[in-house]
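The values are calculated or read from the model by the stated rules, or taken from the named source; none is laboratory data. Keep in mind the model is a prediction, meaning the values are calculated, not measured. Because the Cβ atoms are built from the backbone with ideal geometry, glycine has one as well, and the counts that use them run over all protein chains shown.
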Amino acid sequence: MRYGYFDNQNREYVIERPDIPVSWTNYLGVKDLCTVISHNAGGYSFYKSAEHRRITRFRQNGVPLDRPGHYVYLRDDDSEDYWSVSWQPVGKNLNQAVYHCHHGLSYSRFICDYNDIYAEQRLFIPVNEDVELWDLRLKNNGSKVRQLSIFPYLEFSFHHVEMDNQNLQMSFYATGADYQEGIIEYDLYYEPEEYYYFASSFRPDSYDTVREKFLGNYRTESNPRAVERGECHNSVELGGNHCACLHKRLNLSPGEETRLIFMLGAGRREAGKKIKEKYSQAAKVDRAFLNLREYWEGKLAAFQCRTPHQGLDTMLNTWNLYQAETCVNWSRFASFIEVGGRTGLGYRDTAQDVMAVSHSNPEMSRQRLLELLRGLTSQGYGIHLFEPEWFDPEEKKKGKFKSPTVVPERKPDNIVHGLEEACSDDALWLVPAVCDYIKESGELEFFDEMVSYADGGQATVYEHLKRILDFSAEQLGPNGICKGLRADWNDCLNLGGGESALVSFLHHHALLVFIEAAAYLGREGDVGQYRKLAREVKRVCEEKLWDGSWYLRGITARGKKIGSQENKEGRLHLESNTWAVISGVASEERARLCLDAIYKHLYSTYGLHLLWPAYSEVDDNIGFVTRVYQGIKENGAIFSHPNPWAWIAECKMGRGKRAMKYYNALLPFNQNDRIEIRQAEPYSYCQFVMGRDHSAFGRARHPWLTGTAGWAYTAVSRWILGIRLNFDGLIIDPCIPADWPGFEVTRCWRGATFRIIVKNPDGVEKGVREVILDGKQIELPVPPQKKGSEHEVVVIMGTRP
Ligand code: GLC
C-alpha cells in the first residue's frame, strides 16, 4: 500500500492520502528558527533551542495524533460549513475533499480541493530571517461568488519544555499576549528579550489570543468555537494559555484567485512590523522562497549522481543529504520522538554526523568540530552529552537571562563527568571527522589551531587527537582490549571494566587515519610512535577476538565472551565484525568468513539485524540490551545505523553485488509501496526497523534524527560509487554490481567541478584500469584544480594488464 510518490523534478515527496498511520514529518528552517511539521500541518516551532525557546506548543505522543499545529481554517460564510487546508484538524471526509501534502527541502505545501475552493498553504522559513511564512493561495473554481472567512491558527507554548509540562503554578502566569496594529505579540514577561509575533498581509476583521476563547470549552482544534460562529472574540490577556488567530473575511468571484501571507516570527512587534511590510508584498515572498531553493541546490550540487538505480539517485541526490544535514543542525533533540527534553550534542552522534556533510556544509562542520574539541577532556574522553555554550568563553556568557525559578548554573567541575560516565567510543569518531574536514577543505592549519579542553588548559587540534588515541591506549582491560566503560557505540552494551572489541577496532581505525595525517604533515616521530601502537592493537585483536568464524563483540568484566559461538544468545554482532574489516584489522580470510556469517545470520529483506539471536535472558554484565524486548532497538532489531558499515566492509572486499543487496534492503525508497508494513516515511532512514523476532517485523521507527543518514550517505558516495578523498587528491574506486554499465557523478571539490564518468565495459565489481583527466591518462589521485575550473574524469573499470 502506498500513500505518495517521489517527485524528483521538484525534489518533493508528494503525499496523496493523508490518512497515514503515523506522522510523516519535515523540517522547516536552516538556521536558528525551526519548525518540525507533519503531513497534516501538526508540529511545533522553536528558536535556537527546542528545550529553552519553544514558540508553538506540541502535545507529544497525544491523542489525536500530532496536535496542535500551524493550521488555516476556511469557512463558507453562507453555508457555515468549515474545513482546514491541511486534512487535520477538521478532518473532512476524504470522499468529499482532496488533500495532498508536498514535503520539499525545508518547506511543506498543503493542498486542499473542497467544494470548488482550491486552497494551498505553503510554509517555509527564509534562509536568513527568523520568521516562518505561511503563503496561502485560494481560488474559486465554481460558478458562484463565495463569501469566505479565513482563520490562521497556532497555539503558543510556554517557552521552556519543562515550563510547558510542569511547574504550572508559575508557567501559567509568565506569558502574555496582546494585539495592536494587526500584530499579535506574545512574550515571556520574566525575560527581557523573549518575544514572538504573528502578523498578516491584511487588516484583520477579528482576532483571538486566548486559547480557550478561540476553541471554546470542551472543544478541540477540530471544531473551534470561533470558526464555527464565523468570528473571533478579540481576546487578549496576561497569563494563561495563548494562541494566535487573525481572521479575515473576503469574497471570491468565479475563477478569482487571491493570496494571503501570515508571518510567525521571533522578536518584538517592531520587528514584526518590518516583516509585515516586507512580506505583504508577494514578490518578496517569492524571492525568499527562491533563495531557499538556491540554498539547497547549492549544497546538493557538491555531489550529484546518475546511476542505473533510480532509488539510489533519488535518495543520494536529495533526501539522504537533506536528512544528514538535518542531523548536523538539530542533532537528536527536535522531532516528534525527541521533543526537546534532552538537547545538546551527543558526542559520538555529532562526530559521526559531521563526517557526511564536510562537502556540503563546511562552515557548520568546522563549527561542530570545534564544539566537540572543546568538549574533550584533557584526559582524552569526550563529555557524552553537552551544550556547546557551556564551553563558550566567559565574555560570551555575560548578560544571560536568569530564571526566577532557581536553576543552578553549571560550573566546569559539574559539567565534566568522570570516567564512570564516559563512553569508550565517543571521541574516537572525532579523529576521522577532523581529518575528513581537512581533506575536503585543504585547511591544514586547522591541525594547529589552539582549542581549550573541557576541564581547563588548551592545546592544538592535533594534540587533542593524540590525547584521544592515548586515552584508548590506556583504558585497557585484562586481555589488552579497550574497556567498554559506560557504553560503546551501543548504548545498551554496558560493560564497565569489561572489554569492547568494537572499540579496539575503532581505535585501530583512528590510529591509521591519524598516521596518514601525521605522515602528510611530515611529523615522523608521531608516525613511528603511532605505527608501533597500531601494530600492537592489531596483534592483540587478532589474538584475543577471533572466535573461529567471526569476531567477538566483547568480554564481560567476569571474563565471559560476548558474541561467541559458545553463547546461546547474542552469538553474532554486526558492529564488531563490520569494524574488524573496515579498520583493517581482519586478515583477508577472516574478513570473508565474518562477512559471510553476517550474511548468513543477520540478513533479512529489510536490512541487517544488529545481533543474533536476540537476548531473552537478563544479564547485567552484558547490559541493558538484555532488558529490551526481542526484535526492538538494540536487542535484535534491524538497527539501521550500522547497516552502512556492512556496505563499506563489503566494498572493501570488492563485493559490489552484496553491498548493493544490503543497500537495497534498507533503502526507504524501496518500501514506498509497502507502507502497511513500514509505516514510516519512505524518504527518511529510521533509527530501526522491527526485527524478525517481533510481531511487527519490518515496521520502521524513529525517522530523521539517526546516524544512519550520514553513514548511508558516506557509504554510497565514498564506497559504492567510490568517490572519496585523501589529503592530496580525489580517489575514484567504485564497487558496484557487475551488471552496471557505469555511472556519472558531478563532484565539487575545493572550488573546482569534476564531471566523473565511470565505465564498466568488462562487467567487473571493482578495480580501475585507466583514468583520463581532461583527455590525458593519469594515475590516481586526481590532484586539486584551480578554483572555478571544470574537468572531465573518465574512469574505466577493469583489471590492469
Ligand atoms: C542511538 C544513539 C546513538 C547510539 C545508538 C546505538 O541512535 O543516538 O548514540 O550509538 O543509539 O545504541
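Brief remarks on what is shown
- Close pairs from the range 252-272: first within 15 Å of Phe156 (Cα to Cα), partner surrounded by fewer than 18 Cβ atoms within 10 Å (Cβ to Cβ), Cβ under 8 Å, at least 6 apart: Ala266/Asp32
- Conditions (1) modelled with pLDDT under 95; (2) within 25 Å of Glu120 (Cβ to Cβ); number of the one not met by Thr343: (2)
- Condition met for Arg342 (surrounded by fewer than 22 Cβ atoms within 10 Å (Cβ to Cβ) and touching a strand residue (DSSP E or B) at 6+ places or on another chain (Cβ under 8 Å)): yes
- From Gly104, Gly62, Gly69, Gly42, residue being within 26 Å of Glu297 (Cα to Cα), of a type in the set (Gly, Ala, Ser) and within 25 Å of the chain's Cα centre (by Cα): Gly104
- Taking every residue in the range 704-715 that is more than 22 Å from Ile37 (Cα to Cα) and pairing it with any residue that is among the basic types (Lys, Arg) and away from the ligand (no atom under 11 Å from the Cβ), at least 6 positions away or on another chain, the pairs with Cβ-Cβ distances below 9 Å are Thr714/Arg724.
- Whenever a residue of the range 640-658 is within 8 Å of Cys735 (Cβ to Cβ), it has no partner that is in a loop (DSSP other than H, G, I, E, B) and within 16 Å of the ligand (Cβ to nearest atom) lying with C-beta atoms less than 8 angstrom away and at least six residues away or across chains.
- Residues of the range 472-492 classified as within 13 Å of the ligand (Cβ to nearest atom) and either acidic (Asp, Glu) or closer than 19 Å to Ile582 by Cβ (or both), total: 4
- Considering residues of the range 705-720 that are among the aliphatic types (A, V, I, L, M) and more than 19 Å from Trp489 (Cβ to Cβ) only, the residue farthest from the ligand (Cβ to nearest atom): Ile720
- Test: residue in the range 286-299 that is basic (Lys, Arg), in a helix (DSSP H, G or I), out of contact with any Leu (no Cβ under 8 Å at 6 or more places or on another chain) and under 30 Å from Arg67 (Cβ atoms): no
- Residue ID - surrounded by the most Cβ atoms within 10 Å (Cβ to Cβ), chosen from residues in the range 398-424 that are part of a helix (DSSP H, G or I) and at pLDDT 65 or above: Ile415
- Residue in the range 433-451 that is touching a Leu at 6+ places or on another chain (Cβ under 9 Å) and within 16 Å of the ligand (Cβ to nearest atom) present: yes
- Among the residues here, Gly528 qualifies as surrounded by fewer than 24 Cβ atoms within 10 Å (Cβ to Cβ) and not polar (S, T, N, Q).
- Taking (1) under 30 Å from Asp178 (Cβ atoms); (2) over 30 Å from the mean Cα position of the chain (by Cα); (3) not hydrophobic (A, V, I, L, M, F, W, C) in turn, Gly267 satisfies each apart from (2).
- At least 3 residues being surrounded by 17 or more Cβ atoms within 10 Å (Cβ to Cβ) and among the aromatic types (Phe, Trp, Tyr) is the threshold, and among the strands (runs of 3 or more DSSP E) wholly inside the range 161-278 those reaching it are 195-200.
- No other residue among Leu506, Leu493, Leu476, Leu444 is within 17 Å of Met355 (Cβ to Cβ) and at pLDDT 95 or above apart from Leu506.
- Extreme residue, nearest to Gly623 (Cα to Cα), among residues of the range 502-513 that are within 16 Å of the ligand (Cβ to nearest atom) and in contact with a Cys (Cβ under 7 Å, 6 or more places away or on another chain): Val503
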